[in-house]
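Below you'll find the structure, written out as structure tokens, and then a few comments.
The values are calculated or read from the model by the stated rules, or taken from the named source; none is laboratory data. None of these values were measured; they are calculated from a predicted model. Cβ atoms come from the backbone with ideal geometry, glycine included; neighbour counts cover every protein chain shown. Side chains are part of the model used for accessible areas, which takes the heavy atoms of the whole protein and leaves out ligands, DNA and RNA. Shrake-Rupley method; radii C 1.70, N 1.55, O 1.52, S 1.80 Å.
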Amino acid sequence: MTRFIFITGGVVSSLGKGLASAALGALLQARGYKVRLRKLDPYLNVDPGTMSPYQHGEVYVTDDGAETDLDLGHYERFTGVAARRSDNVTTGQIYMDVITRERRGDYLGATIQVIPHVTDAIKQFVRSDLEDEDFILCEIGGTVGDIEALPFLEAIRQLGNELGRDSSMFLHLTLLPYIPTAGELKTKPTQHSVKELQSLGIQPDMLLCRSERFIPAEQRRKIAMFCNIRPENVISALDVPSIYEVPLSYHAEGMDTEVLRHFHMLEADKAPNLERWTDIHHTVMNPEGRVRIAVVGKYTSLLDSYKSLAEALSHGGIANGVKVELEWIDSQIFEEEDTALQSLEDVHGILVPGGFGERGSEGKINAVKFARERQVPYFGICFGMQMACIEVARNLAGVDGAGSTEFGPCQHPIVGLMTEWRKGNQTETRSDDADLGGTMRLGAFECDLSDDTMVREIYEDGRISERHRHRYEVNINYKTQLESVGLRFSGMSPDGVLPEIIELPQGMHPWFVGVQFHPELKSKPFDPHPLFKSFVAAAVKQSRLV
Ligand code: GLN
């Protein structure tokens with residue numbers, strides 16, 4: 001039997017609902033249950049693919065090529081369950097689906113309304129594509145009280161009624177602000193938020209209260225009484241130093257125990273196996289050293305735009321028993337000030353992440369040049385690989401006018417638009433003038449690694465699969481020329497047409513790798529991605545030299 005846990009948020013946004021859901025998923029998994037996590041997003045975009053990372057943070061890509069909310073990254077990192085297209089839906093998608101059906105005449109002349117048609121489509125989505133999971137955790141984006149969220153809240157209210165209390169549970173995340181002048185945690189905003197939820201017909205079964213301090217028993221009783229729930233189900237979610245401590249802290253608060261009690265599953269249950277999380281927590285809290293890595297990008301002022309990247313780097317740190325300190329640098333500074341490159345002198349690794357557009361690209365190329373010439377470990381991801389190829393073309397192979405057609409026509413398109421590629425037995429195409437929301441190479445693609453290369457050794461495998469999200473490709477026509485100056489095309493698409501990985505051999509550079517895909521999307525704290533593990537290991541070596 002599949003049970004559904006609906007997670008809503010109140011009081012303010014940014015309380016970490018995604019993380020809370022992911023941590024609960026991890027706890028239920030640690031009890032031996034099969035879980036899946038889903039996110040319902042109230043905004044009207046069909047997917048977050050065309051949204052600016054400044055507004056919405058990173059776009060997380062699944063194996064099956066969906067561009068999704070970054071919370072799916074948390075879900076995957078905490079549970080290891082690969083997210084799918086069917087795990088994230090937006091109001092835009094729901095409406096598109098309903099309107100498409102209306103145009104097709106599927107509703108046989110009925111008047112199409114939010115209730116029941118839109119809410120039915122939402123309910124259908126929540127219950128679709130299941131595989132005998134014990135628990136589906138379904139997070140509703142936004143905050144209770146938002147106009148946009150109403151159809152979703154109505155849909156989960158109906159689902160709760162249809163499924164019954166034994167198969168459904170409502171968890172509400174709130175904030176208990178601490179008022180220093182009163183010396184108290186205040187419960188009123190939580191009470192109001194729960195009232196708002198109750199006015200929509202939803203009675204939460206559990207409250208997860210974010211607070212910077214421990215919630216005294218008195219306050220807990222008060223919340224329980226006013227909000228109509230058992231005091232044991234008022235769970236305090238204290239701020240913790242590392243996100244990977246969250247499952248441990250929730251468990252200590254009794255969260256998983258009370259969730260299972262709600263579903264009458266406690267008696268038959270065993271204690272959870274939390275070894276994975278205690279080990280990670282121990283390593284994170286007791287690093288044996290530190291390395292500094294410069295991330296030279298564009299969206300450096302909103303760190304959510306590089307969420308998975310920052311996590312993957314920290315996983316690389318966990319694998320090497322060190323703390324990875326990140327320095328976020330806006331690449332434009334390397335275009336404007338010659339002396340700016342000095343800021344890279346004392347870092348132990350340089351990473352150019354994914355990116356779009358011309359702004360700051362020359363600065364990134366300057367950072368690659370610095371890393372290559374000064375023998376600093378370099379990791380180029382997607383755009384970072386493309387910039388590395390342009391740098392090598394210009395400065396090692398002497399190709400003047402080497403560039404990317406992403407920035408307009410250029411004399412030597414080292415990076416250009418591929419109009420066609422193979423995926424398995426199928427040919428997929430894209431064109432220059434197609435809609436922005438449908439022209440990228442998206443999702444998992446296989447890649448063959450050449451023998452006697454660094455990446456072959458790092459992956460300990462000859463064929464890998466990684467996730468992509470980009471329009472442009474390194475131009476195969478320049479392969480011979482770039483190889484003649486030492487660059488190796490160590491990973492290629494199985495048909496040999498698309499360069500997937502480039503590297504400089506060990507004799508030329510200690511660690512210089514560019515990948516066309518996004519390895520950060522598959523890294524997990526308990527299973528760090530081999531490239532991040534190796535890159536951080538190279539940075540550790542570098543730190544002993546600097
Ligand atoms: N802008 C580049 C492209 O579209 C790189 C994209 C990325 O880094 N994700 O190919």
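Observations on the model:
- Yes/no for Glu253 being touching a helix residue (DSSP H, G or I) at 6+ places or on another chain (Cβ under 6 Å), of a type in the set (Asp, Glu) and closer than 14 Å to Leu24 by Cα: no
- For Ile229, the conditions (1) farther than 30 Å from Glu311 by Cα; (2) of a type outside the set (S, T, N, Q); (3) part of a strand (DSSP E or B) are fulfilled apart from (3).
- Restricting segment 519-546 to residues that are in a helix (DSSP H, G or I) and among the basic types (Lys, Arg), the residue that is surrounded by the fewest Cβ atoms within 10 Å (Cβ to Cβ): Arg544
- Filtering Val126, Val89, Val98, Val114 for residues that are more than 28 Å from the chain's Cα centre (by Cα) and open to solvent by less than 10 Å² (accessible area, probe 1.4 Å) leaves a single hit, Val98.
- Tally, over segment 205-255, of residues that are over 27 Å from the mean Cα position of the chain (by Cα) and of a type in the set (Phe, Trp, Tyr): 2
- Residue check for Gly354: in contact (Cβ under 8 Å) with a residue 24 or more places away in the chain, open to solvent by less than 30 Å² (accessible area, probe 1.4 Å) and within 16 Å of the ligand (Cβ to nearest atom): yes
- Contact map, segment 78-98: residues that are in contact (Cβ under 8 Å) with a residue 40 or more places away in the chain paired with residues that are hydroxyl-bearing (Ser, Thr, Tyr) and in a loop (DSSP other than H, G, I, E, B), Cβ distance under 8 Å, separation 6+ or inter-chain. Pairs shown: Ala83/Thr62; Arg84/Thr62; Ser86/Ser128; Asp87/Thr62; Thr90/Tyr43; Thr91/Tyr43; Gly92/Tyr43.
- Set side by side, the residues Gly443, Gly438, Gly401 differ, and just one is touching a His at 6+ places or on another chain (Cβ under 7 Å), open to solvent by 20 Å² or more (accessible area, probe 1.4 Å) and either under 27 Å from Ala66 (Cα atoms) or modelled with pLDDT under 95 (or both), which is Gly401.
- Cross-chain or 6+ apart pairs with Cβ under 6 Å, segment 361-383 first and crowded, with 21+ Cβ neighbours inside 10 Å, then polar (S, T, N, Q) and in a helix (DSSP H, G or I): Pro377/Gln542
- Members of segment 218-243 that are open to solvent by 10 Å² or more (accessible area, probe 1.4 Å) and in contact with a Phe, Trp or Tyr (Cβ under 7 Å, 6 or more places away or on another chain): Leu238
- Yes/no for Leu303 being surrounded by 24 or more Cβ atoms within 10 Å (Cβ to Cβ), among the aliphatic types (A, V, I, L, M) and away from the ligand (no atom under 16 Å from the Cβ): no
- Candidate set: segment 466-490, residues that are without any contact (Cβ under 8 Å) to a residue 60 or more places away in the chain and more than 16 Å from the ligand (Cβ to nearest atom); chosen: the one surrounded by the most Cβ atoms within 10 Å (Cβ to Cβ): Ser490
- For Gly65, the conditions (1) out of contact with any strand residue (DSSP E or B) (no Cβ under 6 Å at 6 or more places or on another chain); (2) at positive phi; (3) of a type outside the set (A, V, I, L, M) all hold with the exception of (1).
- Some residue of segment 483-493 being part of a helix (DSSP H, G or I) and within 28 Å of the chain's Cα centre (by Cα): no
- On inspection, Asp448 passes the criterion of being open to solvent by 40 Å² or more (accessible area, probe 1.4 Å), assigned to a strand (DSSP E or B) and more than 16 Å from the ligand (Cβ to nearest atom).
- Of the residues contained in segment 51-63, one or more are found to be within 27 Å of Leu197 (Cβ to Cβ), touching a residue at least 40 places away in the same chain (Cβ under 8 Å) and not in a helix (DSSP H, G or I).
- Selected residue (criterion: farthest from the ligand (Cβ to nearest atom)) from residues of segment 497-527 that are within 12 Å of His315 (Cα to Cα) and acidic (Asp, Glu): Asp527
- In segment 155-209, the residue that is farthest from Leu15 (Cα to Cα) out of those that are open to solvent by less than 10 Å² (accessible area, probe 1.4 Å) and in a loop (DSSP other than H, G, I, E, B) is Ile202.
- Of all residue pairs spaced 6 or more apart or on separate chains, those with beta-carbon atoms under 6 Å, a first member in segment 235-249 that is touching a residue at least 12 places away in the same chain (Cβ under 8 Å) and a second member that is open to solvent by less than 50 Å² (accessible area, probe 1.4 Å) and assigned to a strand (DSSP E or B) are Ile235/Leu208; Ser236/Cys209; Ala237/Leu208.
For every residue, the table says whether it meets (1) of a type in the set (S, T, N, Q); (2) on the phi > 0 side of the Ramachandran plot; (3) within 16 Å of the ligand (Cβ to nearest atom).
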{"position": "Gly317", "(1), (2), (3)": "no, no, no"}
{"position": "Glu325", "(1), (2), (3)": "no, no, no"}
{"position": "Ala367", "(1), (2), (3)": "no, no, yes"}
{"position": "Arg372", "(1), (2), (3)": "no, no, no"}
{"position": "Phe379", "(1), (2), (3)": "no, no, yes"}
{"position": "Ala388", "(1), (2), (3)": "no, no, yes"}
{"position": "Gly398", "(1), (2), (3)": "no, yes, no"}
{"position": "Gly401", "(1), (2), (3)": "no, yes, no"}
